[in-house]
Amino acid sequence: MPRNVYSEINLHITWHVKANVPVLKDAVEMQLRRHLRGQVLASPGVYWHDCGGTDNHVHLVVTVPPSLLVSDWIGVLKGRSSHYINHEIVNRKLLHWQDGYGVVSFGSKDLPWVLDYVRRQREHHASGQIHERLERIEHDEEESPLKRAEKEE
């Protein structure tokens, strides 16, 4: 990629624990966040903003370069993080991620409210005041927005 490229590709990413089992608590959650931060910072050109979530899902806010293949990168983050928790932290098969994820791009002017939303995940879920667009994940092709649009036509 040429050096004279300007981009602002801000992403909000979310994914869930398999069967929504609430395993992301206390030390596991702290270790997971620390590990994800390290993985993001080790990714060339990717800027870490923050991470949040609840006992059964993760929210991640990053800025990525245009050369990043997002789907592959998210797969690596999910795979490495579950391996790390299972093999380095708890020494058993505790964390399994569901297939699929949600990724939403947003403008830089929206970064403050997206970060606030991610940082206050537990409050939002406890009060039932969630932002549906930032909570969505797709498990398979049948439920994708493109497939739904095709069905509606």
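What follows is calculated from the coordinates using simple rules that are stated; it is not laboratory data. A quick note: this is a predicted structure, and the numbers were derived from the prediction, not measured. Note that we place each Cβ from the backbone using ideal geometry, even for glycine, and neighbour counts take in every protein chain shown.
Given the options 32, 11, 60, 36, name the one that is under 11 Å from the mean Cα position of the chain (by Cα) and either assigned to a helix (DSSP H, G or I) or more than 18 Å from residue 121 (Cβ to Cβ) (or both). Break it down into steps so the answer makes sense when it comes.
Details: 32 fails: under 11 Å from the mean Cα position of the chain (by Cα); 11 fails: either assigned to a helix (DSSP H, G or I) or more than 18 Å from residue 121 (Cβ to Cβ) (or both); 60 fails: either assigned to a helix (DSSP H, G or I) or more than 18 Å from residue 121 (Cβ to Cβ) (or both).
Result: 36 is the single residue among 32, 11, 60, 36 that is under 11 Å from the mean Cα position of the chain (by Cα) and either assigned to a helix (DSSP H, G or I) or more than 18 Å from residue 121 (Cβ to Cβ) (or both).
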Looking only at the range 78-87, decide whether some residue is surrounded by fewer than 19 Cβ atoms within 10 Å (Cβ to Cβ), over 14 Å from residue 10 (Cβ atoms) and touching a Gly at 6+ places or on another chain (Cβ under 6 Å). no
Pair list, Cβ < 6 Å and 6+ apart or interchain, from the range 46-75 residues that are surrounded by fewer than 19 Cβ atoms within 10 Å (Cβ to Cβ) to residues that are of a type in the set (A, V, I, L, M) and assigned to a loop (DSSP other than H, G, I, E, B): 55/24; 67/1
When the range 78-96 is examined, which residues are found to be of a type outside the set (D, E, K, R), touching a residue at least 60 places away in the same chain (Cβ under 8 Å) and over 16 Å from residue 27 (Cβ atoms)? 96
Pairs please, first residue from the range 1-29 and under 18 Å from residue 71 (Cα atoms), second anywhere and among the aromatic types (Phe, Trp, Tyr) and in a strand (DSSP E or B), Cβ atoms under 6 Å, 6+ apart in sequence or on different chains. 10/106; 15/97; 15/101
